[in-house]
Structures are given as structure tokens and as C-alpha cells.
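Colleague: Let me begin by handing over the structure; questions about it come next.
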């Protein structure tokens, strides 16, 4: 189908016929530079098409590799963007962003699938799950579930068992004998009761053994604990923080530097860091009546088989990476 102007000298477009096949003139009409603002029916935008006007598609739309869409693209169905295509803001029921494709922002009502090395310059807002493949970069994600590509070795979620030799860190109001045992384990730190259920710890708290934290800890330096640990009260550190593999985190964590969470940790609370947040493979977030929010002033780096129940925001982006590394441990 050609524009009406090409046949009768007048300016305008004919409505595409829904009865025609995918290989029909409907595709040819989309390849023209002067596009209709509304297209009825499934639509395919051919290779390396350049579009500078907003496009509204009533149905599914396929953006083939190499296309450049400088204006918003709206679709009532599935929007699939091909390899190395660049698009503006996408709004659709479902969005699939192909390898090395770029989008300005994404809004979806069902799900978002980001393929390897794709990039979203702005936020991803979805009412359903968002899945990230290796190499993805996103500014921020608001979704009920955020997950990275699965690990073949990843099994069902299991709550780790806390070992018997884990050190119990209770509140200052506990008996003096229990408190003295804790203080003896960390001779290079100075502990001061801050409130009935809080400790102010001066210096770095570096535990080579798992912990059971049942008091709020305000650490002026760095905090590190081996896993599997059980964290039932909030921890605030003035520097970096590292939580060992297999730990259960039931209270919010806040770090003045980077925050690292080890393999197969279970998150039932929020994470915040002035630096980067790094979640190793198999870390799972569980919504216990509230979202497990992850925020970083720097980057959020998610390894494989990470699944979170809540928004993820990184001031310098959210990355899906092959492996997380923490040089401060």
C-alpha cells in the first residue's frame, strides 16, 4: 500500500487493511518517513528505518534490527525491539529489548525482558516481573519482581541453617556475662550502649565467624561478618559492609561505602549504600508484607540467579554482571 498522495496527488494516508498478511503492504507503509500516528493491527518496522514522529500501534509491534525511533512508541500489545535498534520511550503491555538495543525509558503492564548487553537510559516501570540478561544496564527499576538470568545449578529457595557456633550479639540490656563474651571477641573495637536495644561500635567490626545480630548496631567504621549469619536488627556502618554467603537478612542494612551480600543470601529487608550495592549469585528477596528495596548512590550490580521483590535504584545504573567482586574483604 502506498500513501494516498502517491496515487491521486492529495496528501494523507489510507487506513491499513487488517485482513492483509504480515508480509503485506502494512510493513511497507511503516518504512516511509512520513508515518501515520496510528496504525491498526500487528506491525513490523523494517531494517534500519528512521522514525521521528510518535507512533501508536493498536496491537503488537516488531522493531527490526538497526532501526532508529527518536520519538515515543506506544503499543497495546507486545513490543519487540531487535538487535542494536535505538528507540525512545516505550510503552506497551510487554517489552522485549533485544541484544545491544537501547531505549530511553520503558513502561509495561505485564513484563519486561532485557536481552544481553541492552541498555535503558531512564527508568523501567513495570507492573509485572523484569528480567535482566548478562551485560544489561538500567538506570532504575520499579517492579514487584526483578530477576537476573537463572543459574543451571540454582535450586529451590531454602532458608540456610545458622550454625551453633555463631556469635550472639544481643542488646545492652542483656546480662553482663553474655555482653562480656561479645566484647572479648572484638578487642579492637569499643562498644557503648546507645539505647536499650542499640550499640555504638567505634572502629571496624570484622567477625571471622557467623553472627546472630539481635541488637541495632551503629558501626563507625566497616562491618563484616561471615555466613551464614542471622541479622534480625538493623546495621548501619560508616564505611563498607560485607554480609557472608547464606545469611538471612531480616532488618534493613545501610552502608556509608559499598555493600556486598554473598551467595544464596535471603533478603527480607531493604539495602542502602552510599557506594555500590553488589549481590552475589542466588541472592533472593522475599516480600514479607513490604518490598525489599535496593538503593545505591553508585551502581547496583546483580549476579546470576538474583531475584528481588521490590524496586532497584542505582545512581550510576543497575547492571547484570557475570560475577560480583569485593576487594574490601
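Colleague: Using a Förster distance of 35 Å, how high is the FRET efficiency between residue 164 and residue 121, based on the Cβ-Cβ distance and rounded to 0.05? All intermediate terms of the calculation are to be shown ahead of the outcome.
Modeller: Values: r = 50 Å, r/R0 = 1.43.
Working from the Cβ atoms, E equals 0.10.
Colleague: State, to one decimal in nm, how far the label point of residue 48 lies from the label point of residue 185, with both points 7 Å from Cα in the Cβ direction.
Modeller: Reported label-point gap for residue 48 and residue 185 is 6.5 nm.
Colleague: While we're here: What share of the DSSP beta bridges in region 167-320 is antiparallel, in percent to the nearest 5?
Modeller: If I count the DSSP bridges inside region 167-320, around 10 percent turn out antiparallel.
Colleague: So what's the projected area for region 219-298, the Cα convex hull averaged over all directions, in nm²?
Modeller: Directional mean of the projected Cα hull area for region 219-298 stands at 4.3 nm².
Colleague: Could you state the number of Å between the C-alpha centres of region 186-201 and region 99-138?
Modeller: Here the two parts' Cα centres lie 43 Å apart.
Only the coordinates and a few stated rules stand behind these numbers; no lab work does. What you see is a predicted model; the values in this text were computed from it and never measured. FYI the Cβ positions are ideal-geometry reconstructions off the backbone, even for glycines, and counts take in every protein chain you see.
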